[in-house]
Amino acid sequence: MDILVFVKRVAATQEEELRLIDDGKNIDLSKIPFKMNDWDNYAVEEAVKIVEGQGGSVTAISIGSAESDEVLRRAIAMGSKDGILMETQEAIHDPALRAQAIYNFLKKEDIKFDAIFTGVQSEDDQFAATGGILAGKMDLPYASMVIGIDAIENGYFVLRRELEGGLQERIKIKAPCILSIQSGINEPRYVSIMGIRKASKVERKTFKFNDFASRGDAIIDLIKWSYPEKKGGATMLTGEMDEICKEILEILKKKGVC
Amino acid sequence: MSYALIISEVRRGVFEERNLDSIGMAHLAGKDAFLLIPEGNYNLNNSIVNKIIKAKLEESLFLNPLIITELISKIIGTLGAPEIVIFTHSSSGIELASYLAGKMSLPIITDVSGYDRNEQIFFKSYYSDKVFGQFKKAKESPLVITVRSGSFKDHVTEKGKNAEEITVDGPSGIEERSFVEYVEEEKTGVDITKAEFLLSLGRGIGNKDEIPKFEELANLMKATISGSRPVIDKQWLPKERQVGTSGKTVKPKVYLAMGISGAFQHIAGMKDSECIIAVNKDPEAPIFQYAHYGIVADANKIRDKLKDLLQG
Amino acid sequence: MQDEAASRVLVCIQCGKCTGGCPESGRTPFNIRMLVRKKQFSYTIDESIPWYCTACNACTIRCPRDVKPSEVVIDIRSTLVENGDIPLAIQKALENTFVQKNPWGKPRSKRGEWAGKLNFKVPHISETEHKRLLFLCCVHAYDPRCMVIPVNVATLLHRAGYEFGILGEEECCCGNEIRRIGELGLFEELMEENKTNFKEYGVKEIIALSPHCMNTMKNEYGDTGIKVMHYTEVLSGLIKEGALKPHKPFEKEIIYHDPCFLGKQNKIFEEPRDILKSINNTNLKEFSRSKEISLCCEGGGGRMFFEVETHYKRNSETRVEEAQSKGVEIITTACPFCVMTLEEKAVEKGLAVKELSEILMEVI
Ligand SMILES: Cc1cc2nc3c(=O)[nH]c(=O)nc-3n(C[C@H](O)[C@H](O)[C@H](O)COP(=O)(O)OP(=O)(O)OC[C@H]3O[C@@H](n4cnc5c(N)ncnc54)[C@H](O)[C@@H]3O)c2cc1C
Ligand code: SF4
Ligand code: SF4
């Protein structure tokens, strides 16, 4: 089975406070290190596991700046056969534009595959849409929130999708198809620096994003960014023991856990 | 006519509460709310939408992206194009919405949690709510959105009369993607990283004899018990329950910490929990800097009171 | 380096001196002599076993055949790292270090935040005359408990009129623990990044706050031409010169715990003691196992990020119990890892743990 996996290089902002600049037109990421999008890490691992089990190949593809080569090397170190970069210096905020470029690229370069994997979403824009849009354009069956692949038989994936509240649904989906992989589906392997260095020797192909789509084709516009409403520190619950405990139970209920 | 097409999310006979956010979004945008729902006995207030479109097909087919796209194009064929198509931002919502947008080449904005009616700007989260992007569609076309649960339900208003109902035929099943069954998540032993609600115990609870009483509380609250390293060291709780840098990293919906001081090594393992409630008798305990709710009290007394309330 | 370790194990005579000094052997499933033997015969080694080692180096110091058992452990770990067969908690620490240059994944942009707690401004190293660098351990930079240590030492140096500078957010993990975890490639990257900075700013001396950083920069960074010292060496010198005067009495029974990376590995035994002895009215006691044979606190070698499988009494508890039996009120030490491991157990017994600089701040 030949699988294409889309991987994205994102800013590691988990513990950062972000600063908006240029009147909210930009986010200052100058001091923030980058890494592979968490969900894509799971997607690569899942694809590599499948290929290790039944043969085939994994190709990692990234859209982004030249530095995105870093996540391709990582994907190769994890077990991908090769990597492709669709290079663009500009950030793309419209998932439909991204999907359009991929669609055109796969057609024009005549890339063959049995399945395309993406992460469910990326940590930066959290759109969770590129895989689905691409599937719609390509007329391929689609499933998102894939939390387990139980079997691949007779040209079908039997897989589980994560729903809400601990519930999952098992579905059957025909290959070729597009699957968006949920975090937690597996335990992504550790790739050592030595492994990444070795991966650097594997050739990665670079294409120009602009040869497949242009920014003017975006169908939504990002006007600017803004900060969320400020939350204060901890709300202290005070009063009689009875009241406090009732309040706790109220919070638990609101969060839907009790 | 300018209307909002709301794709309801129904699961195992239940009309999900988060659909109200989709309806609220339509009301906030000032559009007529047309609700698409599979035929069946769903409990919904039909005076909060203008039209109910009942599709003759099973729930599991309705939630299939390949099928719903066909259904929606059929509706557009008869009712004309909607201004906006609204889904819930949920596991199925994002799947259906993105596929639809791709298939019909429509613009899409997901996880919408705010709307500026004058400017017609949609707010969506970036970087886990650290900042919000303000989006507009860039071409004249119906827009597809998914809305965040809890964001718009307050905008729902009664229309004063019951919705008109129409029925459409649904497409039949397809082999490209088919539903097999529902599965409850496997519970293989305890895995505190998978729990939605952790009751986490620290050295402050005093001694081992208190543990069974906390277990009773955990049962009543349907919580899973975890702990800080000293509690594991003393063998009050088994190793797989340890939260922290040298234990496990957890992200439950609720993390209720009782008698935990909030050392760096502990915080690193739980700070990303959605809601942290801390009970500690020391008002200066560092954990209060990370908690959303804090209670300065004796953990064991709070425990007993909670038990009383839940039992009584 | 791997080949070298492979050839060294061949000279092992299985005398067991390594095991005799090892803080893990005997109490846990770990046995360093057996591990060396398995390596000699290329037997398979249970993946969970090598992670017990705390990298204290007692074995290497005692071995009569220069087998360097502690390096054998690193060698075994590095194979596990290359294969990805490592505990999840270790994997997280490594991935965090790769991205943010510290094992907890704290933002690099906040690495210099501690300096905001000072009531004077510390210059960047480039702006100093003597090019003396105060180098922090990741723990100092991010753990609120240990952040007082750089604040204290910087204040003391400042009071003594001793010029120094810092790197702020350019500072990156020293790699001492990373090397001992067996991630040799990552260690090299961290070392290169630090060395590049040292070179760019013409660093001549490094005052390391942690014995762990001092150890690797002094012994493993190769020939940098930089003089690397632990801060206790500098402060004891300043006290001797009279630049710093501990004049207030400190009427407490205290005991000093030798950190492995300061004491047995780098033979710095006296400077911390000299500092303590310079304080009036202090009664300094000694552990039965001190100096060369000091009992390891079990914070090193990756154990900061990883809990071993079995339950056994921690050495920190043994240490605290001995201190208690000696009627001590305060345990003091000069390593942030030791502070944390000891304190966790000491609070339970009502003892205080103070880093040496915390005591100094009270008397100067
Ligand atoms: C290498 C290393 C790794 C570590 N890894 C971890 C780890 O993975 N996870 C972890 O948790 N720790 C870890 N630690 C330990 C950590 O440093 C702290 O010591 C530990 O988290 C403290 O646990 P605690 O909060 O339960 O206890 P304490 O710090 O003793 O806090 C007890 C708290 O309970 C409060 N209290 C007392 N009585 C009551 C009462 N009746 N009602 C309410 N509150 C009360 C007190 O005010 C206090 O705040 C590690 C330490 C080291 C050195
Ligand atoms: S001390 Fe050296 S020679 Fe003796 S058993 Fe250990 S490794 Fe072998
Ligand atoms: S370094 Fe210390 S813990 Fe590790 S094997 Fe040697 S003596 Fe044992």
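Taken together, the values in this text are just the output of simple stated rules run on the coordinates, not laboratory data. Worth saying up front: this structure is predicted, and the values here are computed from it rather than measured. Cβ: placed from backbone, ideal geometry, glycine included. Neighbour counts: every protein chain shown.
Could you state the number of Å between the C-alpha centres of segment B:210-283 and segment C:300-319? A separation of 20 Å, based on Cα centres.
Computed from the Cβ-Cβ distance with R0 of 60 Å, the FRET efficiency linking C:Asp66 to C:Glu348 stands at 0.90. Over the protein assembly as shown, one equal point on each Cα, no solvent: what is log10 I(q)/I(0) by the Debye formula at q = 0.08, 0.09, 0.10 Å⁻¹? Reported log10 I(q)/I(0), two decimals: -0.85, -1.05, -1.24. Taking a point 7 Å from the Cα of C:Glu129 along the Cα-to-Cβ direction, the residues of segment C:145-174 with backbone N closer than 16 Å to it are C:158-165. Pairs exceeding a 21 Å alpha-carbon distance, out of C:Lys68/C:Lys313; A:Lys253/B:Lys307; C:Lys252/C:Lys349; A:Lys35/C:Lys110; A:Lys137/A:Lys224: C:Lys68/C:Lys313; A:Lys137/A:Lys224.
Per-residue packing, averaged as other Cβ atoms within 10 Å, sorts the ranges A:202-210, B:159-167 into the order A:202-210, B:159-167, beginning with the highest. Considering helices alone, the calculated mean residue ellipticity of chain B at 222 nm is -7000 deg cm²/dmol, with DSSP H runs of length four and up weighted by -39500 (n - 2.57) and normalised per residue.
Residues of segment A:50-65 with backbone nitrogen within less than 20 Å of a virtual label 7 Å along the Cα-to-Cβ line of A:Glu153, please, listed as ranges. Residues A:50-55 fall inside that zone. For chain A, the longest principal axis of the Cα atoms and the long axis of helix A:241-254 meet at an angle of about 30 degrees. Cβ crowding within 10 Å ranks C:Cys12, A:Cys245 as C:Cys12, A:Cys245, fewest other Cβ atoms first. Between segment B:21-89 and segment A:81-109, the C-alpha centres lie 32 angstrom from each other.
Relative protection proxy for C:248-257, B:261-270, C:45-54, from highest mean packing down: B:261-270, C:45-54, C:248-257 (other beta-carbon atoms within 10 angstrom).
Computed on segment C:87-238, with alpha-carbon pairs under 8 angstrom and 6+ residues apart, the relative contact order is 24 percent. Seen against the Cα atoms of chain B and their longest principal axis, helix B:211-221 is set at about 10 degrees. Note on segment C:90-237: the alpha carbon radius of gyration divided by the globular reference 2.2 N^0.38 Å gives 0.97. From its DSSP helices (H runs of at least four residues, each -39,500 (n - 2.57)), chain C gives a residue-normalised ellipticity at 222 nm of -12000 deg cm²/dmol. Normalised by the number of residues in segment B:1-144, the average gap of Cα pairs under 8 Å and 6 or more apart makes the relative contact order 23 percent.
For the segment C:103-110, counting C-beta atoms of other chains within 10 Å of every residue's C-beta and taking the mean gives 6.
For segment B:3-169, the spread of Cα coordinates along the three principal axes comes to 41, 35, 29 Å, biggest extent given first. Straight-distance candidates among the aspartates and glutamates for linking to C:Lys248, with alpha-carbon spacing under 12 Å and chain neighbours fewer than 8 residues away dropped: C:Glu362. Applying a threshold of 32 Å to the alpha-carbon distances of A:Lys230/B:Lys194; A:Lys201/B:Lys248; B:Lys301/C:Lys345 flags A:Lys201/B:Lys248 as lying beyond it.
With a 10 Å cut-off between alpha carbons and a GNM built on chain C, which of C:Asn315, C:Asn194, C:Asn280 moves the most? Maximum fluctuation in the GNM of chain C, among the listed residues, is at C:Asn280. FRET efficiency for the pair B:Lys234 and B:Glu140, taken as 1/(1 + (r/R0)^6) with r the Cβ-Cβ distance and R0 = 45 Å, rounds to 0.10. Our analysis of segment C:97-143 gives Rg over Rh at 1.01, with the two radii drawn from alpha carbon positions and Rh computed by the Kirkwood formula.
Once you have a ≥ b ≥ c as the square roots of the Cα gyration tensor eigenvalues for chain C, tell me rounded if a/c is under 1.5, and otherwise prolate or oblate according to whether a/b is larger than b/c. Oblate, since a/c reaches 1.5 and b/c is not below a/b. When the GluC sites (Glu not before Pro) in segment C:142-189 are filtered for DSSP coil states and for at most 14 other beta-carbon atoms within 10 Å of their beta-carbon, the remaining sites are C:Glu163.
For segment C:90-237, a crude dipole built from +1 on the beta carbon of Lys and Arg and -1 on the beta carbon of Asp and Glu, taken about the Cα centre, is about 420 debye to the nearest 20.
Computed as a quarter of the hull surface, the mean projected area of the alpha carbon convex hull for segment C:1-77 stands at 4.3 nm². Spin-label model, A:Ser200 to A:Tyr227: label points 7 Å out along the Cα-to-beta-carbon direction sit 4.0 nm apart.
Note on B:296-307: average number of Cβ atoms from other chains within 10 Å of each residue's Cβ is 3.
Per residue of peptide A:137-144, the mean number of Cβ atoms on other chains within 10 Å of the residue Cβ is 6.
Converting the Cα gyration tensor eigenvalues of segment A:1-90 into ellipsoid dimensions via √(5λ) gives semi-axes, longest first, of 30, 13, 9 Å. The alpha-carbon of B:Lys159 sits under 13 angstrom from the alpha-carbons of these aspartates and glutamates, leaving out residues fewer than 8 places away in its chain: B:Asp32.
Calculated mean residue ellipticity at 222 nm for chain A: -8500 deg cm²/dmol, from DSSP H runs with n ≥ 4 weighted as -39500 (n - 2.57), summed, divided by the residue count and rounded to 500.
Across all C-alpha atoms in segment B:56-98, the radius of gyration and Dmax reach 10.7, 29 Å.
Relative to the dominant Cα principal axis of chain C, helix C:148-159 is inclined by about 40°. Structural descriptor for chain C: relative contact order 16 percent, calculated from alpha carbon pairs under 8 angstrom and at least 6 residues apart.
Between segment C:204-281 and segment A:1-80, the alpha-carbon centres lie 44 Å apart. Hydrodynamic radius of segment B:192-311 by the Kirkwood approach over all distinct alpha-carbon pairs: 13.8 Å.
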